1. Here's a check for you: in region 1-17, which residue that is surrounded by fewer than 19 Cβ atoms within 10 Å (Cβ to Cβ) and either of a type in the set (Asp, Glu) or within 11 Å of ligand 2 (Cβ to nearest atom) (or both) is nearest to Arg206 (Cα to Cα)?
2. Got a sec? Which of Gly148, Gly122, Gly129 is part of a helix (DSSP H, G or I) and small (Gly, Ala, Ser)?
3. Out of the residues in region 34-48 that are part of a strand (DSSP E or B) and among the β-branched types (Val, Ile, Thr), state the one that is nearest to ligand 1 (Cβ to nearest atom).
4. Determine, yes or no, whether Ala106 is in contact with a strand residue (DSSP E or B) (Cβ under 7 Å, 6 or more places away or on another chain) and assigned by TED's automatic domain parsing to the domain that holds Ile147.
5. So which of Ile137, Ile120 ends up being closer than 22 Å to Cys90 by Cα and touching a Phe, Trp or Tyr at 6+ places or on another chain (Cβ under 7 Å)?
6. Could you list, in sequence order, all residues of region 18-73 that are buried (at least 22 other Cβ atoms within 10 Å of the Cβ), free of Cβ contacts under 8 Å to residues at least 60 places away in the same chain and either within 14 Å of ligand 2 (Cβ to nearest atom) or not hydrophobic (A, V, I, L, M, F, W, C) (or both)?
7. Of the residues Leu134, Leu92, which single one is part of a strand (DSSP E or B), touching a strand residue (DSSP E or B) at 6+ places or on another chain (Cβ under 6 Å) and touching a residue at least 60 places away in the same chain (Cβ under 8 Å)?
8. Suppose the filter is among the basic types (Lys, Arg), surrounded by 12 or more Cβ atoms within 10 Å (Cβ to Cβ) and without any contact (Cβ under 8 Å) to a residue 24 or more places away in the chain; does Arg169 pass it?
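The values are calculated or read from the model by the stated rules, or taken from the named source; none is laboratory data. Owing to the predicted nature of the structure, the values given are computational and were not obtained by experimental measurement. Counting neighbours? That spans all protein chains shown, and the Cβs are built from the backbone with ideal geometry, glycine included.
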Amino acid sequence: MIRLAIQKSGRLSEDSLNLIRECGISFVSSSYKLKTEATNFPLEILFLRDDDIPGYVQDGVADLGIVGQNVLVEAGFPDLEVEKLGFSKCRLSLAILRSEGYDSVADLQGKNIATSYPQILGRYLAGQGVQAQLHTISGSVEIAPSIGLADAICDIVSSGSTLLGNGLREVETVFRSEAVLIANQQLSAEKQELLNQLQFRMQAVRRARR
Ligand code: ATP
Ligand code: ZN
């Protein structure tokens, strides 16, 4: 039996469940259950918050997980990635108030930037030779500039309309992300074989979709 953690409810959930089903794996899921067992493959599915998935896979509480690269890299475990899944593509971008001028990322020197991704943003800014004060907030990042909490934000850009509605404009792409399959790095031989079978099926599903 191998354990796979997926997001309980959110933007990854439906595509994750569809992928497992398209791999020919049957299971019954109900929105209030925290786990379920497949009926025709030795797989147990755990339903968790996406932010918790990298840590659980790193620690071996779950053997496998499906999570966005943004969350995986921010958690500090990029090496757990074993397969790109091609859905939930999005980007982390820097945005500033539309009323502000902007020439280059150097304009952010010394500024206050609100984000839920301090690790990814910190590395990006260091690479650009820019020093800024990062303020980590967990939600509603896009309102920070209009209420005077920050000069800029770094967040997932869903649609231009969210930015527009908050008087913001996108100025730099910091990170591109998609959903990935991740795996614990000390799987038993038996679990490694199950992972190989799953990856084989996932690759076939992706080829069939193209
Ligand atoms: P949870 O309650 O599990 O913590 P959440 O609110 O943190 O959920 P969601 O908004 O459901 O997370 O997003 C989950 C992931 O989906 C993101 O981390 C990102 O990888 C991806 N994602 C976010 N926004 C988009 C988008 N507009 N388009 C495609 N993928 C996205
Ligand atoms: Zn989350």
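1. The selected residue is Asp15.
2. Gly122
3. Among residues in region 34-48 that are part of a strand (DSSP E or B) and among the β-branched types (Val, Ile, Thr), the one nearest to ligand 1 (Cβ to nearest atom) is Ile45.
4. no
5. Only one candidate passes the filter, namely Ile120.
6. Asp50, Val71 - these are the residues of region 18-73 that are buried (at least 22 other Cβ atoms within 10 Å of the Cβ), free of Cβ contacts under 8 Å to residues at least 60 places away in the same chain and either within 14 Å of ligand 2 (Cβ to nearest atom) or not hydrophobic (A, V, I, L, M, F, W, C) (or both).
7. Unique residue meeting the criteria: Leu92.
8. No: the conditions fail for Arg169.
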